[in-house]
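See below for the structure under consideration.
Any read-out appearing in this document is the output of simple, stated calculations on the displayed coordinates, not a laboratory observation. All values derive from a computational prediction rather than experimental measurement. For neighbour counting, all protein chains shown are included, and Cβ atoms are generated from backbone atoms with ideal geometry for every residue, glycine included.
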Amino acid sequence: MSEAFAHEDVVVRRGRRSGLPLIVAVHSRALGPAVGGCRLRRYADWREGLADALRLSEAMTYKAAVAGLDFGGGKSVIALDRDTELTPRLRRAALEDLGELIASFEGSYRTGPDVGTGPDDMVVLRHFSPYAYCAPEEHGGTGDSGGPTAVGVLAALHAGARHVFGTASCAGRTVVVSGFGSVGGRVAAALAAEGAHVVVSDVDASRRQDALAKGYGWAEPAQALSAPADILVPAAVGGVLSEESVLTVGARLVVGPANNQLTEEGVADTLARRGVVWIPDYVAGGGGIVYALGRESQGEDHETARRRVAGIGDTVSGILDLSRSAGITPLRAARRIAEDRLAAAAPRTRAA
């Protein structure tokens, strides 16, 4: 028997300007309008883009629910094939096509930057719909979400450290940050300032010199998971934690912003059996969306929105307390908290 179709809306359209496949998936609006970033990425087949949108929109539902946000989960994808040259003209046409599609949702699906898109792309989308978050500040948005995302990761990391090591401080601890980009770089700098021994890794070998100049250690990507460490921070691509790879994880705590870190949910059980505490990625990486929604949708000032992001630490503490008391993995604990919110909202949604 096939799986039940869980999403509320899935639209697949060929862009009339670009000719590219456009996908918007809305998983749930039980708590409010669906939110989720716009991904522009190459795929072997557009159906892989559809699978991405379905999976990521569901994750957004749980990210919003466990964070206490009154929003649901969605995702949009512009799917490029392997051979198409993404010229500036084609990029603009694709974004205009997507902006037109997003506008047709009349605010029930809202977007922001994701893999392959950034704040400037949100300016194009805003020509069609006001519901494109994180545009540059001069265009009325909050700009790059890397800073708030890093704040949320650090809050989650400190809460996890308190649970695993008995203290939130990372001074003297070895932390491997896998992915030395916008978020990973900020996390590395903050932990080094705290007194941690920071080791970074990135598939872009040109970043090695920058890392060494900052006083960090360096690990080749193939050795990052197994490097001796207290804490591992996956901050690059997803799909790095599989049934095979987690058998070599050298850290006791794994917490980072990379999306879809597990290749399948059962990997969380394998980590738990090995005594490794894994903080669900959609919790640890929620700072960007929490901050953007606070500022751009709820009218909060910077400090108020930043305090809300720091509250991710309290969320993680609650997840880990439930995990310990109920004898379940942090993934199942987070899912239970989110599903309780969604279940409580469902009668109101139906009544409306």
Pulled fully out, how much extra length does the chain show between Asp204 and Arg273, if you take 0.36 nm times their separation in residues and subtract their Cα-Cα distance?
21.6 nm
Using a simple spin-label model with points 7 Å from Cα along the Cα→Cβ vector, what separation in nm is obtained for Ala193 and Ala343?
4.3 nm
The alpha-carbon pair-distance distribution computed for segment 52-154, with 5 angstrom bins and whole-percent values, is 2, 12, 19, 23, 23, 13, 6, 2, 0
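Compute the relative contact order of the chain as a whole-number percentage, counting only Cα pairs closer than 8 Å that sit 6 or more residues apart in sequence.
Details: 751 pairs, mean separation 52.8, N = 352.
In percent, rounded to a whole number, it is 15.
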In nm, what is the difference between 0.36 nm times the number of residues separating Arg14 and Ala213 and their Cα-Cα distance?
66.9 nm
Sorted from fewest to most neighbouring beta carbons within 10 Å, what does the list Tyr133, Tyr43 look like?
Tyr43, Tyr133
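Provide Rg over Rh for segment 178-287; use the alpha carbon set for both Rg and the Kirkwood Rh (inverse mean inverse pair distance).
Numbers: Rg = 13.2 Å, Rh = 14.0 Å.
Ratio of gyration radius to Kirkwood radius: 0.95.
Report the rotationally averaged projected area of segment 1-73 based on its alpha-carbon convex hull, in square nanometres. Provide the component values of the computation, followed by the final result.
On the way: hull surface 23.5 nm².
Mean projected area of the Cα convex hull: 5.9 nm².
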Apply 1/(1 + (r/R0)^6) to the Cβ-Cβ distance of Arg336 and Val237, taking R0 = 22 Å, and write down the FRET efficiency to the nearest 0.05.
0.20
Filter the trypsin sites (Lys or Arg not before Pro) in segment 130-203 to those in DSSP coil with at most 16 other Cβ atoms within 10 Å of their Cβ, and list the result.
none
Taking a label point 7 Å from the Cα of Glu220 along the Cα→Cβ vector, which residues of segment 245-262 have an amide N closer than 20 Å to it?
245-251
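Is segment 100-208 rounded, prolate or oblate when judged by the Cα gyration tensor, a ≥ b ≥ c being the square roots of its eigenvalues, rounded requiring a/c under 1.5 and prolate requiring a/b larger than b/c?
On the way: a/c = 3.16, a/b = 2.14, b/c = 1.48.
Prolate, because a/c is 1.5 or more and a/b exceeds b/c.
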Phe165, Phe128, Phe71, Phe5 arranged by Cβ crowding within 10 Å, fewest neighbours leading:
Phe5, Phe165, Phe128, Phe71
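Considering every Cα-Cα pair within the chain, what fraction, in whole percent, is farther apart than 29 Å?
Details: 23968 of 61776 pairs.
Here the tail beyond 29 Å accounts for 39 percent of pairs.
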Only Lys, Arg (+1) and Asp, Glu (-1) charged, at Cβ; the chain dipole about Cα centre in debye
300 debye
Radius of gyration, Dmax [segment 198-352; alpha carbons; angstrom]:
17.9, 59
Residue-count net charge about Asp210 - beta-carbon cut-off 13 Å; Lys, Arg +1, Asp, Glu -1
+1
Between His302 and Ala51, how many nm apart are label points set 7 Å from Cα along the C-beta direction?
4.3 nm
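Between Ala6 and Thr87, what length in nm is gained on full extension when 0.36 nm per residue of separation is reduced by their alpha carbon distance?
Working: separation 81, 0.36 × 81 = 29.16 nm, distance 3.58 nm.
Full extension from Ala6 to Thr87 adds 25.6 nm.
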Semi-axes in Å, largest first, for segment 265-352 (Cα gyration tensor, √(5λ)) are 27, 19, 10
Relative to the chain, whose Cα atoms define the longest principal axis, helix 330-351 and its Cα axis are tilted in degrees, nearest 10, by 30 degrees
In what order do Ile23, Ile328 fall by count of nearby beta-carbon atoms within 10 Å, going from fewest to most?
Ile328, Ile23
